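Worksheet for the structure shown next.
The values are calculated or read from the model by the stated rules, or taken from the named source; none is laboratory data. Not measured: the values here are computed from a predicted model. Glycine gets a Cβ as well: all are built from the backbone with ideal geometry, and neighbour counts include every protein chain shown.
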Amino acid sequence: MAARRPTRTQLRDHPSMSWLLARDEAEARPCPTCRVDRGSTCINVHTGEPLSRLPAHVARLQEAA
């Protein structure tokens, strides 16, 4: 799967390319924690807002590694 270029908003919010790459790799599979589909950003299960501090839930990041 080809890597997507980060948007300007993503670069503004998270200038670390490794953070963006980790999110992109994690989004290649569904999340077992919040149950979002492939290609979607993980959401906070309590608020429904997209995660902003972590690239994805830990379980999803471990599956991507």
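For segment 39-58, indicate whether the set of residues that are part of a helix (DSSP H, G or I), modelled with pLDDT of 90 or more and touching a helix residue (DSSP H, G or I) at 6+ places or on another chain (Cβ under 6 Å) is non-empty.
no
Could you tell me how many of the residues in segment 24-59 are touching a Pro at 6+ places or on another chain (Cβ under 9 Å), under 20 Å from GLN10 (Cα atoms) and among the hydrophobic types (A, V, I, L, M, F, W, C)?
Total meeting the criteria: 4.
Starting from residues that are touching a residue at least 24 places away in the same chain (Cβ under 8 Å) and buried (at least 17 other Cβ atoms within 10 Å of the Cβ), keep the ones in segment 15-45 and report whichever is farthest from the chain's Cα centre (by Cα).
Top of the filtered list is CYS31.
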